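Participant: The structure under discussion is supplied below as structure tokens; questions concerning it will follow.
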Amino acid sequence: MKKLTALLLTCVSFFSLCTACKDSESSTEQPENLIEINSLVENNQTAYSVVLPANASNCLEYAALELQNFVSESTSASLKVITEEKAVYDEQKCYISLGKTTLLDQANFNFDYSTLNGDGFFIKTVGNMVFIDGNLDRSVL
């Protein structure tokens, strides 16, 4: 039950972030680092792949499977899970990077991990790529 609750909270946070720009139509200025959920899955298909570090822990592998299952159950779309060796950094590529991947390093944005408490995590987009990371692998989960 705790795993299901944690998964739902993480997914709600992720999808809330992704749809935030749709909800703020009254504002003339749109946040630059948000993607809309309908660009993640269209017509039950997605161009996105989940990218894991080459040395992904069991926890990160489980996080990728949970994300894959959640998206599949809610949209019927199938997310592929690949390792970073198969991913090429390009802001136009459709990746969801989990953990400290080479893509995260190449994105070259600064994030102060010390601002995260306990199991805190962040979600950031660069182009079409979505990055999810935290201090611990279980933070990503």
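The values are calculated or read from the model by the stated rules, or taken from the named source; none is laboratory data. Predicted model only: the values in this text are computed from it and were never measured. Cβ atoms come from the backbone with ideal geometry, glycine included; neighbour counts cover every protein chain shown. Each accessible area value is taken on the protein alone, full model and side chains, heavy atoms only, with ligands, DNA and RNA left out. Shrake-Rupley method; radii C 1.70, N 1.55, O 1.52, S 1.80 Å.
Participant: How much of Lys93 can a 1.4 Å solvent probe reach, expressed as accessible area in Å² and rounded to 10?
Facilitator: So the heavy atoms of Lys93 present about 80 Å² to solvent.
Participant: Which of the GluC sites (Glu not before Pro) found in the stretch 37-101 are loop residues per DSSP with 14 or fewer other Cβ atoms within 10 Å of their Cβ? Spell out each step's value before the answer.
Facilitator: Working: sites: Glu42, Glu61, Glu66, Glu73, Glu84, Glu85, Glu91; in loops: Glu91.
The qualifying sites are Glu91.
Participant: To continue, here is another question. Say R0 is 25 Å: what FRET efficiency, to the nearest 0.05, do Ala47 and Leu136 get from their beta-carbon distance?
Facilitator: Details: r = 29 Å, r/R0 = 1.18.
That pair, Ala47 with Leu136, gives E of 0.25.
Participant: Length gain on complete extension for the stretch Asn108 to Ser74, per 0.36 nm per residue less the alpha carbon to alpha carbon distance? Before the final figure, lay out each step's value.
Facilitator: Working: separation 34, 0.36 × 34 = 12.24 nm, distance 3.23 nm.
So the chain would gain 9.0 nm between Asn108 and Ser74.
Participant: Measuring from label point to label point, each 7 Å out along Cα→Cβ, what is the Ile82 to Cys59 span in nm?
Facilitator: Here the modelled spin labels are 2.7 nm apart.
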